[in-house]
Amino acid sequence: MNRLSKGDRVPDGLSFRLTRLWRHSFPNLLILPATLFLVVLILLPAIRTVIMSFHEVTHGLDDVFVGFNNYARMVQHRAFGTAFWNTLFFTATTVIGEVGLGLAAAVLLSTRFRAQKLLISLVMVPYAVSEVVAIIIWRYMVEPRVGIINFLLMNMGIEQIQWATQINQTWMLIIILRIWVRFPFSFLIIYSSLIGVPKDLYESAFIDGATNWQAFRRISLPLVGPAINVASIFAFMFAFRNFATVWILTRGGPVGQTELLSTMLYRQAFRHWRFGFASAIAVVMTVLTFVIAAYYVRGMFHSMFGQRRMGE
């Protein structure tokens, strides 16, 4: 096959194919650095974690393959059952609280009134504060001896919040603080969808005699349903792997009653140096996250496209 000399023209068909190939490959070249960045920082450590979960890994000693022993020890560990059910309880209550409060705030602030923008700004304040900073501030505010909240309660003749010793009050404080920090994110997603609902639908409903509750249930809720599902998925993923709230407030106490899977993982890895055991916990948390998130996504897909296919 003869090669083209310097002065020869590239055949039109070959030129077209080269141009088409370049147009298709150029966008991939643009995202290649970001893809490599994610592979190096996420995929490779994830693979390494899975490998470590089948080994006994600690400082100063060679890795020893132990098969599924780490997973068996994890299930038999006295703290695992408590941490597992605490994680489910913490996740369920905070997701319901975050999404529910975000939906309520979005509905109340979606109508125009004089102080609307000011109230929206106040709602978004917790999201502008670092979670760690917010938790530390709240911890000092409810401190039994010098906290301003307990000081005010004592002056009003109300019993102080004994969150450091009373497990029910501890969980109440953890859940309220978590909802306060994270609900603006759910509010932002739902509010953005709610203000996009055509006003003509509400006007037609009110002309037909619908009440505000009926308009919300028949118009607003179905149309912002996908946004609620998205907010729920994000709230679940953030809550299930949450570490800072419990660790900064209680370190898993009192007596391990507020231990989560995330705090147990940290304790095993960076307090007891059992990296293989901690990797097994991380793998279980990742699998549970994917399974539950897949259930959410499947339900959202059917709610968005299932009815449309039935209509077709």
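Report whether or not Y127 is hydroxyl-bearing (S, T, Y), under 30 Å from Y202 (Cβ atoms) and in a helix (DSSP H, G or I). Even if it seems obvious, please write down each step before you answer.
Values: hydroxyl-bearing (S, T, Y): yes; under 30 Å from Y202 (Cβ atoms): yes; in a helix (DSSP H, G or I): yes.
Criteria met by Y127.
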Looking only at segment 255-275, decide whether some residue is surrounded by fewer than 15 Cβ atoms within 10 Å (Cβ to Cβ), part of a helix (DSSP H, G or I) and among the aliphatic types (A, V, I, L, M).
no
Considering segment 270-297, residues that are more than 18 Å from A72 (Cβ to Cβ) and touching a residue at least 60 places away in the same chain (Cβ under 8 Å), and then whichever is farthest from the chain's Cα centre (by Cα), we arrive at W273
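Residues W163, W138: which one is part of a loop (DSSP other than H, G, I, E, B), of a type in the set (F, W, Y) and surrounded by 15 or more Cβ atoms within 10 Å (Cβ to Cβ)? Full working, then the answer.
Values: W138 fails: part of a loop (DSSP other than H, G, I, E, B).
Going through W163, W138 in turn, just one is part of a loop (DSSP other than H, G, I, E, B), of a type in the set (F, W, Y) and surrounded by 15 or more Cβ atoms within 10 Å (Cβ to Cβ): W163.
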Given the criteria of a type in the set (A, V, I, L, M, F, W, C) and within 27 Å of G256 (Cβ to Cβ), does F65 qualify?
no
Residue list for segment 90-145, restricted to those being farther than 30 Å from W213 by Cα and not β-branched (V, I, T)
F90, A128, S130, E131, A134, W138, R139, Y140, M141, E143, P144, R145
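When segment 62-112 is examined, which residues are found to be of a type in the set (G, A, S) and without any contact (Cβ under 8 Å) to a residue 24 or more places away in the chain?
Step one: of segment 62-112, the residues of a type in the set (G, A, S) are 67, 72, 79, 81, 83, 92, 97, 100, 102, 104-106, 110.
Of everything in segment 62-112, those that are of a type in the set (G, A, S) and without any contact (Cβ under 8 Å) to a residue 24 or more places away in the chain turn out to be G67, A72, G81, A92, G100, A104.
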Search result, residues across segment 141-155 that are assigned to a helix (DSSP H, G or I) and closer than 20 Å to R178 by Cα:
M141, I148, I149, N150
For L61: the one exception among (1) of a type in the set (A, V, I, L, M, F, W, C); (2) farther than 30 Å from I179 by Cβ; (3) at pLDDT 90 or above
(3)
Only listed residue being in contact with a Gly (Cβ under 6 Å, 6 or more places away or on another chain) and of a type outside the set (D, E), chosen from I190, I135
I190
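Which one is farthest from the chain's Cα centre (by Cα) among residues in segment 47-90 that are in a loop (DSSP other than H, G, I, E, B) and among the β-branched types (V, I, T)?
From segment 47-90, those in a loop (DSSP other than H, G, I, E, B) are 53-54, 57-63, 66-68, 77; that's our starting set.
Now narrow it down to the ones that are among the β-branched types (V, I, T): 57-58, 66.
Numbers: V57: 29, T58: 30, V66: 33 Å.
By that ranking, first place goes to V66.
When the residues of segment 192-235 are filtered to those that are among the aliphatic types (A, V, I, L, M) and in a loop (DSSP other than H, G, I, E, B), which remaining residue is surrounded by the most Cβ atoms within 10 Å (Cβ to Cβ)?
Kept after step one, since they are among the aliphatic types (A, V, I, L, M), are these residues of segment 192-235: 194-195, 197, 201, 205, 207, 210, 215, 219, 221, 223-224, 227-228, 230-231, 233, 235.
When the remaining residues are screened for being in a loop (DSSP other than H, G, I, E, B), the result is 195, 197, 210, 224.
Values: I195: 13, V197: 15, A210: 16, V224: 25.
Ranking the qualifying residues of segment 192-235, first place goes to V224.
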Looking at the structure I just gave you, is V133 in a helix (DSSP H, G or I), surrounded by fewer than 14 Cβ atoms within 10 Å (Cβ to Cβ) and among the β-branched types (V, I, T)?
yes
Whether any residue in segment 38-61 is in contact with a Lys or Arg (Cβ under 8 Å, 6 or more places away or on another chain), in contact (Cβ under 8 Å) with a residue 60 or more places away in the chain, surrounded by 13 or more Cβ atoms within 10 Å (Cβ to Cβ) and within 27 Å of F238 (Cα to Cα) is what I want to check.
no
Among the residues of segment 76-93, are any among the β-branched types (V, I, T), exposed (fewer than 15 other Cβ atoms within 10 Å of the Cβ) and modelled with pLDDT of 90 or more?
no
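The values are calculated or read from the model by the stated rules, or taken from the named source; none is laboratory data. The model shown is predicted, which means the values in this text are computed figures rather than measured ones. Heads up, the Cβs are rebuilt from the backbone with ideal geometry, glycines too, and the neighbour counts pull from every protein chain shown.
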